[in-house]
Each structure stands twice: as structure tokens, then as C-alpha cells.
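In what follows, a single structure is set out as C-alpha cells and then discussed.
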Amino acid sequence: MTDDTKSSNAMWGGRFAAGPDAIMEAINASISFDKRLYAQDIRGSRAHAAMLAATGILTNSDAEVIGEGLLTVLSEIEAGDFPFSTALEDIHMNVEARLKALIGEPAGRLHTARSRNDQVATDFRLWVRDQADAAITSLTALMRVLVAQAEKGADWVMPGFTHLQTAQPVTWGHHMMAYVEMFARDRSRFEDARKRMNECPLGSAALAGTGFPIDRHMTAAALGFDRPMANSLDGVSDRDFALEFLSSAAICSVHLSRLAEELVIWSSAQFRFVAMSDKWSTGSSIMPQKRNPDAAELIRAKIGRVLGAAVALFTVMKGLPLAYSKDMQEDKEQVFDAADTLMLALAAMTGMMSDLTVNTGKLEAAASSGFSTATDLADWLVREAGLPFRDAHHVTGSLVALAEKKGCDLPDLSLEELKSAHPALTEAVYSVLGVHNSVASRQSYGGTAPDQVRAQVARWKGLFA
């Protein structure tokens, strides 16, 4: 090895044996990750070949042998027998090279009237569309579990919190249905994104379309798209579909993280509202009493990866001129990781919520503490004594202060003590100081009353049917 060679290798680092050429191959090749697009790539190529034959650009015999050859390539990849090559850069060239080895000269005609630019845009869009469908299915499964929890616990009282301080009593069912609504919005975001992404880039070629008499409506229909994209520049350069998927995934991950945080809090020794099964808990290597909610904690952390992926792709796309730039090779790894992360988190949350044990005694005891029916007392003064709400609020606040001083809760105050705050208070006020009466009174649409919860459960069960 000459001194110059030693210097070159030192400059490029010990990771590379061949200097700049190896560096370029490593940064340029995408096969290490875009091989995940093999099924979409082969599906798109088969649709393209069939269209080329239908329009007379290819002979039927060439199209048939191409189609059969692509199925052979597909079976090889699925069997784990396919030799992916970094030198061939990406999934498109790997598939085409293998196809040529299998069928010879007709393989070279497959790329007529298309470019890798519209090919990758189509492959990636098909893959993201599949992931949107998977997210919709997974969210529906989670929502079903939450609705079942709500139906089971429509009457279970628990504390409702603001600022993580006891606010008013609510029902377990009401709390569960709040997450149903949140995840329903997530599902609708994926559904909306899917509608917008369901246009086909294939046929945009490199950026300007093609002079061949192709039928883009045919390939769009064959691939399950609603229509071809209307502008070839937009067709090869658009990644809005991936950004929308990541944005929807990030918001969904926030909701998963919030529910996971509640599970962590609720399962703690200080709360003991719930217990997670052994399947979703771990022990400690040193503290034998520990039962750690690791699955919930990991779900809580996953938002970092998903949000990071969204920020990364937004950053890649923000300054790109039309049409295609190699920067777009950086569009896939983040989306792949975010999709994997989201699907895992959804599956884990569905599992945790499906076999969760709820300690209804702890819930009710907590709901009855912390002056949770103070608002009910103020409302009673408005309804029964005609006080303005602000005056009723002041009276109730003075009674809370008295109860705090005595170290008891509002229902434990004597009638004489209640009357000391306002003479209009009577024995009847005790009826609203019980948590079950409190939640039963919240009959407004969307309220926590068990009847309202059951109505929402019935509505959702009807939507699932």
C-alpha cells in the first residue's frame, strides 16, 4: 500500500476499503431499506406491462413473459432466496436485473414509457396506502375494546381531574368514551389522507410525461387508484401523502401516549385504580415487589420516534424545487419506522386495554374524596335557592374551606355547619353530595351520566356493525 493510498483510506475512514467510490455507493444506494417496497414495485410493473400490451406498445407475448417473470421474482423474494445487490442501488434495478436474468431481452422493454421517478412515487404511495389501511383497521380494533370497557363500566364512578387534581366525579365509561372519540378522529384523519393519496403517479415518467400512447387510467384502475395524477411534475415530486400519513400518525401517537400515561398513573401504588396483566408488566432485578408498566411507558415514548420522522420528512421536502431530487431518497426510512412504531403501539394498547383489571372500589373511594361534589352543591344553591352562580360559588368555597379545616369531606359536614354558610341549605342538599347522584345528574348530551354513556356506546356499536 502506497503512502497516498494510506492517506486516502485514513481520510475516508476505516469503514471503507476502497475510498471515494465506496463512499458514493454507500450514500447513493437505497436497497437496504427500499427493498420493503418489493411487492408494490412488482405489482406496479405488472400493471405497467399489461397496459403497454393493451396499447400496442409491447407485444402480448412479451407482456405475458414479463408478467410471469415478475411473479417468479416475487416468489423468490418472499421465500428469502433473492440476492439483493447494493451495486444495483434500489429495488427497481434489483428486480429488473433479476427479471432479465430470468427471461432475457423482453425484460429490457418493461421500462418503456416510465422512469424510476414515477416508479418509486407509485411504489411508495401504494405502500403508504397499505399502511393507512392498517392504521384504520388497528384503530377500529382499539376503539371496539374501549367501547366494551365503557359499556362494562358505565356506572363505575371515578374522579375526573383537571390539573391532575380532583375536579368532579365522572364514570369509567365516560372516560373510556373520551378516548373512543379521540381515536375516531385519528381514524378519520387516516381515512381522509387515504382519499387524497389515492391518485396514481405512474405514467408521469421522469417529469414531463411520455410520447408513447399510454393509458394512465388503465394502470390507475389496475392498482386500485381512483384516477391518475393530473400533472406529471406533481406526480413525481409530491410527497404530501407521506407527510399526511406521518402527521396523522403523530397525532394518534399523542393520544396513545396520553392513555399510556394514565395507565402508568392509575397502576401506581398511590392510585391502584387498575392492574395490568402479567403480559404487559415486568418485574425488577432488585426489588421483588415491583410490577412495572413497561409496555405503557414504551408506548408513551414512541411519540418521539413518530414525531421525529414527521419533522425529518418536512425538513427534507421544504426546500426542494420541482421535480425530482435525490433528497427524496430520504423520504422512506422515516415513514417505514413511524409506521412500524405506530402499528406496534396500537397493538400493544389494544392488548393492554382488553385485559385490564379495574379496581372499582378504589375508583369510587377516590371519586368521593377531594370535594369532588362541590360544583353540585353550588348548582343546588342556584336551582333551589335562586342564588346567582357566583354567589353560590363563594358559599360553596367557604364550606370547602371549613371541611378542609375539619379534615373531612363535604358530605361529612353537619346541617348546622352547612347552614352557617347560607341559611337556604337544607337536608335535601345531601342528595347531591353523593357521587352517584352527581354523575346521574349530568344528563346533558355528551355528559357523564350512565344513561348518556350507554347511549354513546350504542351509537358506536351501531357504527361498528
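The values are calculated or read from the model by the stated rules, or taken from the named source; none is laboratory data. Since we're looking at a predicted model, the values are computed, not measured. Here Cβ is always computed from backbone atoms with ideal geometry, including for glycine, and neighbour counts include all displayed protein chains. For accessibility, only protein heavy atoms count, side chains too; no ligands or nucleic acids. Shrake-Rupley method; radii C 1.70, N 1.55, O 1.52, S 1.80 Å.
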Take the residues in the stretch 303-329 that are over 21 Å from ILE251 (Cβ atoms) and outside any helix (DSSP H, G or I), then tell me which one is most open to solvent (accessible area, probe 1.4 Å). LEU322
Flag for THR162 being of a type in the set (S, T, N, Q), modelled with pLDDT under 95 and open to solvent by 60 Å² or more (accessible area, probe 1.4 Å): yes
Limited to the stretch 415-460, what total is found for residues that are basic (Lys, Arg) and at pLDDT below 90? 2
Taking the criterion of being under 32 Å from the mean Cα position of the chain (by Cα), buried (at least 17 other Cβ atoms within 10 Å of the Cβ), assigned to a helix (DSSP H, G or I) and of a type outside the set (Phe, Trp, Tyr), would at least one residue in the stretch 100-115 satisfy it? no
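From the list ILE66, ILE91, pick out the single residue that is among the aliphatic types (A, V, I, L, M), open to solvent by less than 20 Å² (accessible area, probe 1.4 Å), under 30 Å from LEU342 (Cβ atoms) and in contact with a Ser or Thr (Cβ under 9 Å, 6 or more places away or on another chain).
Result of the check over ILE66, ILE91: ILE91.
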Of everything in the stretch 382-427, what is closer than 19 Å to SER369 by Cβ, surrounded by 12 or more Cβ atoms within 10 Å (Cβ to Cβ) and among the acidic types (Asp, Glu)? Give them in sequence order. ASP409, GLU417
Does the stretch 170-190 hold any residues that are open to solvent by 10 Å² or more (accessible area, probe 1.4 Å) and assigned to a helix (DSSP H, G or I), and which are they? HIS174, HIS175, MET177, ALA178, TYR179, GLU181, MET182, ALA184, ARG185, ARG187, SER188, ARG189
Within the stretch 428-463, work out how many residues are open to solvent by less than 80 Å² (accessible area, probe 1.4 Å), part of a loop (DSSP other than H, G, I, E, B) and either closer than 22 Å to TYR179 by Cα or without any contact (Cβ under 8 Å) to a residue 40 or more places away in the chain (or both). 6
So is SER268 surrounded by 15 or more Cβ atoms within 10 Å (Cβ to Cβ) and out of contact with any Asp or Glu (no Cβ under 6 Å at 6 or more places or on another chain) or not? no
Considering only the stretch 206-238, how many residues are of a type in the set (D, E, K, R) and either open to solvent by 80 Å² or more (accessible area, probe 1.4 Å) or assigned to a helix (DSSP H, G or I) (or both)? 4
Please verify whether GLY397 is of a type outside the set (A, V, I, L, M), in the same structural domain as SER188 (by the TED database), outside any loop (DSSP other than H, G, I, E, B) and closer than 30 Å to GLN270 by Cβ, treating the condition exactly as stated. no
One residue from MET176, MET158 being touching a Leu at 6+ places or on another chain (Cβ under 6 Å) and farther than 25 Å from SER248 by Cα: MET158
Please verify whether the stretch 131-151 includes one or more residues that are touching a strand residue (DSSP E or B) at 6+ places or on another chain (Cβ under 9 Å), open to solvent by less than 60 Å² (accessible area, probe 1.4 Å) and over 30 Å from LEU320 (Cβ atoms). yes
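If you take the residues in the stretch 330-365 that are hydroxyl-bearing (Ser, Thr, Tyr) and in contact with a helix residue (DSSP H, G or I) (Cβ under 7 Å, 6 or more places away or on another chain), which one is most open to solvent (accessible area, probe 1.4 Å)? Break it down stepwise before answering.
Applying the first criterion (hydroxyl-bearing (Ser, Thr, Tyr)) to the stretch 330-365 yields 341, 350, 354, 357, 360.
From what's left, in contact with a helix residue (DSSP H, G or I) (Cβ under 7 Å, 6 or more places away or on another chain): 341, 350, 354.
On the way: THR341: 10, THR350: 28, SER354: 74 Å².
Among those residues, the one meeting the criterion is SER354.
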Condition check for THR72: touching a residue at least 60 places away in the same chain (Cβ under 8 Å) and in contact with a Leu (Cβ under 8 Å, 6 or more places away or on another chain): no
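Looking only at the stretch 41-52, count every residue that is open to solvent by 20 Å² or more (accessible area, probe 1.4 Å) and touching an Asp or Glu at 6+ places or on another chain (Cβ under 9 Å) and tell me the total. It would help to see each step written out before you state the result.
Of all residues in the stretch 41-52, those open to solvent by 20 Å² or more (accessible area, probe 1.4 Å) come to 43, 46, 50.
So of that shortlist, the ones also touching an Asp or Glu at 6+ places or on another chain (Cβ under 9 Å) come out as 43.
The number of residues fulfilling the criteria is 1.
Can you name the residue in the stretch 348-371 that is more than 27 Å from ASP294 (Cβ to Cβ) and in a loop (DSSP other than H, G, I, E, B) and, of all such residues, is modelled with the highest pLDDT?
So in the stretch 348-371, the residues more than 27 Å from ASP294 (Cβ to Cβ) come out as 364-365, 367-371.
Subset that is in a loop (DSSP other than H, G, I, E, B): 368-371.
On the way: SER368: 83, SER369: 80, GLY370: 69, PHE371: 76.
Ranking the candidates gives SER368 first.
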